[in-house]
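Below is one structure, written out as structure tokens; comments come after it.
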Amino acid sequence: MYDDADKYTDQKIVRTHFQYDIEEIRRTWEELSLVRLSSSQWYQNTQTMLQYSDSCTDPYTEGCGSIKRAHPRTEKDFRHLNPIYRGTIFEDILEEVGACRSRIMIKPKHTCYSLHSDRTGRYHLPIITNPQAFFVFTDPDNPRLATLDHIPADGHVYWTNTTRTHSFLNGGDKRIHLVMCES
């Protein structure tokens, strides 16, 4: 868990001290996604797991989507690294951040998620993004008010307070993020 996360619960997005070589991440992801990941290792063609739980029958898709699909397991149960990520920069990132239930999430162009809140905060490391990709956070006191926040693909890991009501809107080209839960 990011040491300072408790300080930021009133904030929406905070750039952490974790920073990685974005070009190495992109090269590694391209090789993994094109050569080593099969279509059966994707959930709805938009998510694939980097970590799995002891009881997973499908370690690449079972923790995808809403965590309710994995009941009674929680985010913390998804802590074992899937074999294709061993020895890669992704293994280094997950170990250093101390994350669990980590996924690569692709948000196709011109789509958004429903408004929701998560049980824990999330770490985001954008791999590919565009200027029209935004987190949308609603104001709990006035749901008609919302803010848009863009996270750049600059190699930094960003902590997001996704326990607040939010969505994600991709109004541009494809967006690929590494999304990790707090452990």
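The values are calculated or read from the model by the stated rules, or taken from the named source; none is laboratory data. A quick note: this is a predicted structure, and the numbers were derived from the prediction, not measured. Reconstructed Cβ throughout: ideal geometry from the backbone, glycine too, with neighbour counts over all protein chains shown. Just so you know, the surface numbers come from the protein's heavy atoms only, side chains and all, with ligands and any DNA or RNA stripped out. Shrake-Rupley method; radii C 1.70, N 1.55, O 1.52, S 1.80 Å.
I'd like to check one number: the per residue accessible area of the chain, probe 1.4 Å, reported in Å² as a whole number.
Heavy-atom accessible area per residue stands at 49 Å².
May I ask for the angle, rounded to the nearest 10°, between helix 22-31 and the longest principal axis of the chain, with both axes built from Cα atoms and the value confined to 0 to 90°?
50 degrees
For a quick check of understanding: with a 1.4 angstrom probe and all protein chains in place, what accessible area in square angstrom does E95 have, to the nearest ten?
Solvent-accessible area, nearest 10 Å²: 130 Å².
Which order do you get for H177, H110, H116 if you rank them by accessible area with a 1.4 Å probe, largest at the top?
So, going from the largest accessible area down, we get H110, H116, H177.
What FRET efficiency would be calculated for the residue pair H17, T163, taking the C-beta separation as r and a Förster radius of 25 Å, to the nearest 0.05?
That pair, H17 with T163, gives E of 0.70.
Roughly what % of Cα-Cα distances in the stretch 48-99 sit above 19 Å, to the whole percent?
Here the long-distance tail beyond 19 Å is 22 percent of all Cα pairs in the stretch 48-99.
Express in whole angstrom the spacing between the alpha-carbon centres of the stretch 117-149 and the stretch 73-98.
About 24 Å separates the Cα centre of the stretch 117-149 from the one of the stretch 73-98.
Quick one, can you get me the convex hull of the C-alpha atoms of the stretch 1-144 expressed as volume per residue in Å³?
Taking the convex hull of the Cα positions in the stretch 1-144, it is 141 Å³ per residue.
What part of the accessible area of the chain, given as a whole %, is carbon or sulfur when the probe is 1.4 angstrom?
48 percent
Pick from Y123, Y158, Y113: which is most flexible by mean-square fluctuation in a GNM of the chain where alpha carbon atoms under 10 Å apart are linked?
Y113
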